[in-house]
Structures are given as C-alpha cells and as structure tokens.
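Below is one structure; the comments refer to it alone.
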Amino acid sequence: GAVVSQHPSWVICKSGTSVKIECRSLDFQATTMFWYRQFPKQSLMLMATSNEGSKATYEQGVEKDKFLINHASLTLSTLTVTSAHPEDSSFYICSARVLAIETQYFGPGTRLLVL
Amino acid sequence: AQSVSQHNHHVILSEAASLELGCNYSYGGTVNLFWYVQYPGQHLQLLLKYFSGDPLVKGIKGFEAEFIKSKFSFNLRKPSVQWSDTAEYFCAVRSTGRRALTFGSGTRLQVQP
C-alpha cells in the first residue's frame, strides 16, 4: 500500500532556531502533499497544500514566511518552521495524495517542542 | 466553506457492544467522504471512503459507514467492537474541486475489556 514517512519523528529545539521536517512518499509519486497541524486532543488543521514544482498554497491565517514549504520532487516535501517559538510546539502531519484513487495517505507525524 | 461535525467527542463501550459514530457535513455540492482512525501513538489510517454508488460502504476491520445525502451524514458503524478498536476516529470531507480534506474534531473511542 501507499506509505508516507516523516523525519524526524520528534524534535526539541531552542526558541529562535529553525526546524526542517521531511515528508516522503515511499512507494508512489505524489504531485500534491498536504501539511497539517494537530493540537492535543484536537483535529487536524490544514496548513498548506504543497505542489511539486510550484509554490505552496497556504490556508488563511498560516504565515507563509514562517512555515516554508518546498516540494522539491515527486516524493519529497519539506516544511521548515523558521525562528520557532514555544507556540509553534505541535504535532505536524503530512499526507500525500494518490491521484489515481483520490485518496490521501498520512505520515506518522513529527512532534515539535520549542523550549 | 465546508465543515464537518462529529458530535460524540468521547465514547466508552464494553467489548462486543455495537458502535455508531456520527458525522455530519455542511456542503451543498458533491462530496467525497472518509473515515480515518488513529490508534494510540500511530499515524492516521484510512478506514473507508465513499465517492459514489452504493451509499453503504464497507471498510477494513469490520467497519462500515452509510452515506445519507438528505441528512448530510456519513455515520460509522461496527456491530461488535473489540478492545483493539480503542482509538481516535476522524471523519473527513472533500468537496469537488478541492484537493484538501476538512476534518471533524474527532471522536475518542475507549473500549473496555
């Protein structure tokens, strides 16, 4: 089946540093990937849609300069949290769309803790 | 804008009990509907999906869901739950013309042995 990986699975960083999270589709190509944020005991909130070869589409209220997304290839999208602050601490989840069956498969998530 | 409501936030059942989790969406056009499950410490997994055709959809692990267009609902059911079904369940909707999913707030199911 379609497998999506994320790296790292968790990261602790100091306030002001930048953190890069990778999302890979392991056994299929994904022209579209999505980045979600999940707060404890809450649902997934879409942050942005990552498009291979073009700029990401950000949801309203998401700072594009803070959450940089690069979809460098058909199997890799990266999310960089720039100048992270404690309020950016969250669980970040990516998904990749399998176009043929119009279904998203999710990565295991990355837990970010900013001290 | 589309939205998804899951009215049951936390459900506690005993093993072998029947399960029904509610999901309602607000969107007047054609939608694709999904149920995802998130087991403790694991990633979201697709349980089942509805695109068109038979409104009663069967998924993995004995789950099924029924799409009732007139009620804008897509409730998840399982006749007999097991302890291993303890997880968070999310309903999601995608309207035509939009690639992203809109998720409900999730329902935490706790099955007691």
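The values are calculated or read from the model by the stated rules, or taken from the named source; none is laboratory data. Note that the structure is a prediction, hence the values are computed from the model and not measured. In this analysis, Cβ positions are derived from the backbone assuming ideal geometry, glycine residues included, and neighbour counts consider all displayed protein chains. Areas reflect the complete protein model, heavy atoms only, side chains present, ligands, DNA and RNA absent. Shrake-Rupley method; radii C 1.70, N 1.55, O 1.52, S 1.80 Å.
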Report summary line: FRET efficiency for B:Ala1 and B:Ile68 from the Cβ-Cβ distance with R0 = 25 Å, rounded to 0.05, comes out at 0.70
Query raised in the report: Can you give the accessible area buried between chains A and B, summed over both chains, with a 1.4 Å probe, in Å² to the nearest 100?
Result: 1500
Report summary line: Nearest-0.05 FRET efficiency for A:Glu102 and B:Ala16 at R0 = 35 Å, using Cβ-Cβ distance, is 0.50
Report task. Would you list which lysines come within 18 Å of A:Lys64, measuring only between C-alpha atoms, while excluding same-chain residues fewer than 8 positions from it? Result -> A:Lys20, A:Lys55
Report task. Could you check which residue among A:Ser95, A:Ser15, A:Ser25 shows the biggest mean-square fluctuation in a GNM of chain A with a 10 Å Cα cutoff? Result -> A:Ser15
Report task. Assuming R0 = 35 Å, can you tell me the calculated FRET efficiency for the pair B:Ser26 and B:Ile60, based on Cβ-Cβ distance, to the nearest 0.05? Result -> 0.80
Requested in this report: May I ask you to compute the full-extension gain from B:Ser80 to B:His9, defined as 0.36 nm times their residue separation minus their alpha-carbon distance, rounded to one decimal in nm?
Outcome: 23.6 nm
Report summary line: Partnerless cysteines (no other Cys beta carbon under 4.7 Å) identified across the protein assembly as shown are A:Cys13
Report task. Compare B:Gly28, B:Gly97, B:Gly59 in a GNM of chain B, Cα atoms joined below 10 Å, and give the one with the largest fluctuation. Result -> B:Gly97
Query raised in the report: Per residue, what accessible area does region A:3-52 have, given a 1.4 Å probe and all protein chains present, in Å²?
Result: 51
Report summary line: Given unit charges at Cβ for Lys, Arg (+) and Asp, Glu (-), the dipole magnitude of region B:1-79 about its Cα centre in debye, nearest 20, is 100
Report task. List the relative contact order of chain B as a percent without decimals, with contacts defined as Cα pairs under 8 Å and 6+ residues apart. Result -> 38
Report summary line: With Cα springs under 10 Å, the Gaussian network model of chain A assigns the largest mean-square fluctuation among A:Glu52, A:Glu102, A:Glu87 to A:Glu102
Requested in this report: Whenever you get a sec, compute what percent of the accessible area on the protein assembly as shown sits on carbon and sulfur atoms (1.4 Å probe).
Outcome: 54
Report task. Determine the shielding of peptide A:92-103 by partner chains: average, over its residues, the number of Cβ atoms on other chains within 10 angstrom of each Cβ. Result -> 2
**Report entry** Relative contact order of chain A, pairs being alpha-carbon contacts under 8 Å that are 6 or more residues apart, as %
**Finding:** 36
